[in-house]
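Read through the structure below, which is laid out as structure tokens, and then see the notes.
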Amino acid sequence: MKRILQSLMLGSCLALTQGCVAKSNSFTFTADLPPNFSYVASVYYVPAKGQTCTVPRADNLAPQFNREWRTEYKPDAQIEIRRTRNGCDLVVHHVDLEINAVYGQDWGDFGRESARVSVREELPEEDKGTFNTAGESEFSGQCQWLFRTVGGLRRIVKILDCKKSDASGAPLKSRPFAAYTLDQLPGKAVRLKIKLADEERPAIGDTWVKVPGGWKRCMGDDFSDQYAFCYGNYKDFSTFRMPDGQSCTIYPGCTEDKEVTP
């Protein structure tokens, strides 16, 4: 009897000519990310359709995967689709994703962006993610580093900016996003694929000048001028500090190439 109950709890049985196969109650989320990138997934549940019950937030906390992303990162997360709390049948509603990317050695030298997987009972066909014959679905995004300077030494810090990509790989205006219905997900795999843009760009306009080999930082009034807009002065530039402490004159190469004359 115990074995029968356990089988029932795994999911519904599909009647097949060769027997009965338990339907999975989970799907795999995974990600293909650039080097030094990782994700944290938080999974949120709501009462299933037709349920009149409610569950206090304290009894319906969102499971997290890769919470300790700096030290215990794993690319695959096995996400439960249906669960019961306080006698209330719940279904997965969405998965919030934090995309973290490290660019230096200090604890704060990282950028963070967001993405999401939404799950609904029903969706228009054009809004549903699609799966291949192997049961895999992929949605894509492109991330780009935006750089700026802070502090009296004008230390470089970076901001991560991620956008959803279309079928050709071109970035769109929205964050990486995909949506599925509940009946699409059992036993399937959903993959987020992120590409890093080849070039970085300034986070704030009119503060850097594009030159051969990179960018030069406008001086502004002096080093105490934290905004230091160029305001048409494209001759007076300042040094800045890289995350590793180097004093530099051009980003990202640090030092300008000097032509050697005979």
Give me a count of the residues in region 77-98 that are of a type in the set (S, T, N, Q), touching a Cys at 6+ places or on another chain (Cβ under 9 Å) and part of a strand (DSSP E or B). 0
Taking first residues from region 189-200 that are on the phi < 0 side of the Ramachandran plot and in a loop (DSSP other than H, G, I, E, B) and second residues anywhere that are of a type in the set (Lys, Arg) and surrounded by 17 or more Cβ atoms within 10 Å (Cβ to Cβ), the pairs with Cβ under 8 Å that are 6 or more apart or on different chains are GLU200/LYS158
When only residues in region 202-237 that are within 20 Å of ILE159 (Cβ to Cβ) and among the aliphatic types (A, V, I, L, M) count, which is surrounded by the most Cβ atoms within 10 Å (Cβ to Cβ)? ALA228
Quick one: count up the residues across region 38-76 that are crowded, with 16+ Cβ neighbours inside 10 Å and in contact with a Cys (Cβ under 8 Å, 6 or more places away or on another chain). 2
Go through the residues of region 216-225 one by one and say whether even a single one is assigned to a strand (DSSP E or B) and either assigned by TED's automatic domain parsing to the domain that holds PRO34 or free of Cβ contacts under 8 Å to residues at least 24 places away in the same chain (or both). yes
Could you please give the count of residues in region 229-242 that are small (Gly, Ala, Ser) and free of Cβ contacts under 8 Å to residues at least 60 places away in the same chain? 1
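The values are calculated or read from the model by the stated rules, or taken from the named source; none is laboratory data. Predicted model only: the values in this text are computed from it and were never measured. Please note: Cβ atoms are built from the backbone with ideal geometry, for glycine as well, and neighbour counts cover all protein chains shown.
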